[in-house]
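What follows is a set of notes on a single structure, which appears directly below.
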Amino acid sequence: MAGYLTLFQSWIYEHFPGLGRRRLVTSYDDTTPRAMRWQSPRQSSTLAEIRSQLDALTYSGVVWHPYEGHRGIRPFFDICMYYGWIRIGDTLWRHLPERVLRQFGFQQDIPRSPTTVPDADVVAIDHMWLHFRAHVVSNVRHAASPSDCVDGYIQWFRRVSHPYIIVTADDARPTLAPRQRPDVPREARPHRRSSPPSPSGALETIPEIHHNV
């Protein structure tokens, strides 16, 4: 595993309230980086505990868009929906927000394969970034519930992914019931949300960070 692990760890804390061990920093200020909201304990979870927790996750164990209550401090920008290559120096990464639409409050479609994004050189990547409005995910639908997805998505996901770690009988798995636990943050509760600002009109809605994101 490589990359900025502090950022990845705080992302886990925000999206999976029952996963791992952490402590909320009571002195956290919304104007400071979100990663400063959490403090890891000296004693971390064991590998066996983490595997068991991951396999036991259901819809209600996920905070699908935890930053909704933080938009007043950090607004949602169209550029977040940019798809294609991004880079820092000579390091290139695919950025594909259509693979995690529920994180933005939209219904999850079955995404294209990351390999369909053609390779590009540095000059082309910089040009696309500067003209990002021509390269944003469009025709998205607001999620009716935080875990909303199109028909067939779960079947597709189980086929292309590795949904469980511990081998056991299927009937021993928890059901993926779309319900909310009462102890998840307020911003994770189901509600209607307004469309993200799109002065360019590039990001249109239909009426109601790893290598291959």
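Tabulated data for the structure shown
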| read-out | value |
| --- | --- |
| Long-range neighbours under 7 Å by Cβ, at least six apart or interchain, first residue under 23 Å from His65 (Cβ atoms) and charged (D, E, K, R) within segment 76-95, second modelled with pLDDT under 85 and not in a loop (DSSP other than H, G, I, E, B) | Arg94/Asn212 |
| Selected residue (only one of Pro75, Pro17 is exposed (fewer than 13 other Cβ atoms within 10 Å of the Cβ), not in a helix (DSSP H, G or I) and not acidic (Asp, Glu)) | Pro75 |
| Among (1) surrounded by 14 or more Cβ atoms within 10 Å (Cβ to Cβ); (2) closer than 22 Å to Ile12 by Cα - the single one Met128 does not satisfy | (2) |
| Residue check for Ser138: surrounded by fewer than 19 Cβ atoms within 10 Å (Cβ to Cβ), in contact with a Gly (Cβ under 9 Å, 6 or more places away or on another chain), among the small types (Gly, Ala, Ser) and not in a helix (DSSP H, G or I) | no |
| Subset of segment 20-49 (residues that are among the small types (Gly, Ala, Ser), surrounded by 11 or more Cβ atoms within 10 Å (Cβ to Cβ) and in a loop (DSSP other than H, G, I, E, B)) | Gly20, Ser40, Ser44, Ser45 |
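The values are calculated or read from the model by the stated rules, or taken from the named source; none is laboratory data. No experiment lies behind these values; they were computed from the predicted model shown. Cβ coordinates were reconstructed from backbone atoms using ideal geometry, including for glycine residues, and neighbour counts include every protein chain displayed.
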